[in-house]
């Protein structure tokens, strides 16, 4: 077992907090890579990086807000160089399927000189329960520019399990690219139907255009945010990801969790109960 800390960059995020929890429960020393941590890490302040990486064994790298944002690749490159300088044993990068800029960051990590594992993930199931789609689910409608495309929605708990394995088992996962998906393709109309069954309230999927999505995102986060996330949707939801990966099976030797099971577990927490009554 590692005696050096494992750094979790983005320890407050959907994946990061699950990874940190699992590692802590298993007795691994964890260093939280957040701006509010005892040893802070801030993507926008490179002076925080070296202290956060000092003495670290391995690091999980989740870039906020997304690898598609301008400047992300340059920051990943600088972090990789620093990780090599600090003697890290492995970097585990959270990446996105079908995203050009995410793949650019993957190549940078490959070339960093540090051992690595790449986690290329599909659409998160937890976007419906913890992310920006929670309120739309509670309001009974999900509007996305996805048409009738099937997406292999992945449970974030599976991503966390693969990341923990890659961070702790140095005898495996070296140089691996894991395509981490759910066990089946799911149209968003089908996802809405399964959410409806779990919540006991109608949830409707409304297909919209990229222009409509951009306008809605502009109202929420401004034009710059809208530009980036519209481009991500344009790439990731155009059908290029309509196939199943085997990352969970290869990394863990078990099948991935199903979306229906996620819906049942999330409903049991009461996260959708506020407006469902």
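Yes/no per residue for (1) closer than 30 Å to residue 202 by Cα; (2) out of contact with any helix residue (DSSP H, G or I) (no Cβ under 6 Å at 6 or more places or on another chain); (3) at pLDDT below 95; (4) surrounded by fewer than 23 Cβ atoms within 10 Å (Cβ to Cβ):
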| site | (1), (2), (3), (4) |
| --- | --- |
| 99 | no, no, yes, yes |
| 106 | no, yes, no, yes |
| 110 | no, yes, no, yes |
| 113 | no, no, no, yes |
| 131 | yes, yes, yes, yes |
| 138 | yes, yes, no, yes |
Quiz item: Can you tell me which residues in the stretch 217-252 are under 26 Å from residue 176 (Cβ atoms), touching a residue at least 60 places away in the same chain (Cβ under 8 Å) and in a helix (DSSP H, G or I)?
Solution: 232, 235, 236, 247, 248, 250, 251, 252
Quiz item: Name the pairs whose Cβ atoms lie under 6 Å apart, with the first residue in the stretch 195-216 and at negative phi and surrounded by fewer than 17 Cβ atoms within 10 Å (Cβ to Cβ), the second part of a helix (DSSP H, G or I) and at pLDDT below 95, and 6 or more positions between them or separate chains?
Solution: 210/230; 210/234
Quiz prompt | the stretch 14-35, residues that are farther than 20 Å from residue 71 by Cα and part of a loop (DSSP other than H, G, I, E, B) | solution = 26, 27, 28, 29
Quiz item: Just checking, which of 79, 23 is closer than 26 Å to residue 224 by Cβ and either surrounded by 20 or more Cβ atoms within 10 Å (Cβ to Cβ) or free of Cβ contacts under 8 Å to residues at least 12 places away in the same chain (or both)?
Solution: 79
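I'm trying to understand the selection: among the residues of the stretch 36-63, which are in a loop (DSSP other than H, G, I, E, B), over 20 Å from the mean Cα position of the chain (by Cα) and closer than 23 Å to residue 174 by Cα? Walk me through how you get there before you give the answer.
Filtering the stretch 36-63 for residues in a loop (DSSP other than H, G, I, E, B) gives 36-41, 43-44, 54-57, 62-63.
After this cut, where a residue has to be over 20 Å from the mean Cα position of the chain (by Cα) as well, the list is 36-40, 54-57.
Residues satisfying the conditions are 54, 55, 56, 57.
The values are calculated or read from the model by the stated rules, or taken from the named source; none is laboratory data. Because the structure is predicted, anything quoted here is derived from the model rather than measured. Note that we place each Cβ from the backbone using ideal geometry, even for glycine, and neighbour counts take in every protein chain shown.
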